[in-house]
1. Give me the number: length gained by fully extending Leu21 to Leu93, i.e. 0.36 nm times residue separation minus the C-alpha to C-alpha distance, one decimal in nm.
2. Take every Cα-Cα distance within the chain, group them into 5 Å bins from 0 onward, and report for each bin the whole-number percent of pairs it holds.
3. Whole-Hz ³J(HN,Hα) for each residue in region 121-134, computed from phi via Karplus 6.51 cos²θ - 1.76 cosθ + 1.60 with θ = phi - 60°, x for glycine and proline: what do you get?
4. Would you mind calculating the relative contact order of the chain from Cα pairs under 8 angstrom and at least 6 residues apart, reporting the percent as a whole number?
5. Between Arg115 and Asn42, 0.36 nm times their residue separation minus their Cα-Cα distance comes to what?
6. I'd like the Karplus ³J(HN,Hα) series for region 61-66: coefficients 6.51, -1.76, 1.60, θ = phi - 60°, whole numbers in Hz, and an x wherever there's a Gly or Pro.
7. Compute the length gained on full extension between Tyr136 and Trp53: take 0.36 nm times their separation in residues and subtract their Cα-Cα distance, giving the result in nm to one decimal.
Amino acid sequence: MIDYSNFTPYSALIGGVIIGLSSAMLLLFNGKICGISGITGNILVFKRHDTLWRTMFFAGLVCGGIVTFTLFPTTKAFVSDASTTVLICAGLLVGYGTRLGNGCTSGHGVCGMSRFSKRSILATCVFMISGMVTIYIVKHVVGG
């Protein structure tokens, strides 16, 4: 259920536009697909010609989170009832899933779908269905 008292369509619209523009700019100016897991995962590969932009991109993500948290500290996006152990396990599972699926929601969902990639459309459908099933299990079976 959407918490309409805290949901503002304008911030969602602005965020979507920024994500779309930044993805388009990365593809246009750098020839790279904006797949966050691939960008961050390949920082550790240390390709001399490829590491700087990836590091700058990742730093921008971190700084964006810090600025948002500083400006809006009560935002529910920064609040979790989960333990640190659960969050670490969830992060590792997401990382494993992105390697297994050859990409993440940003690479497939934003960039791949906009290019009408059949593989990305299928991957995005799998992401969405998996998320829906997970939420159903957590909320109705486990009792979250």
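1. In short, 23.1 nm is gained.
2. Here the calculated profile for the chain is 2, 8, 12, 19, 21, 20, 12, 5, 1, 0.
3. Result, rounded to whole Hz: 4, 5, 4, 5, 4, 5, 4, 5, 5, 4, x, 5, 5, 4.
4. Relative contact order for the chain comes out at 24 percent.
5. On the way: separation 73, 0.36 × 73 = 26.28 nm, distance 2.28 nm.
Gain on extension, Arg115 to Asn42, equals 24.0 nm.
6. 4, 5, 4, x, x, 5
7. On the way: separation 83, 0.36 × 83 = 29.88 nm, distance 3.88 nm.
My answer for the length gained is 26.0 nm.
Values in this text are rule-based calculations from the coordinates and carry no lab data. The structure presented is a predicted model; accordingly, all values stated were derived computationally and were not measured.
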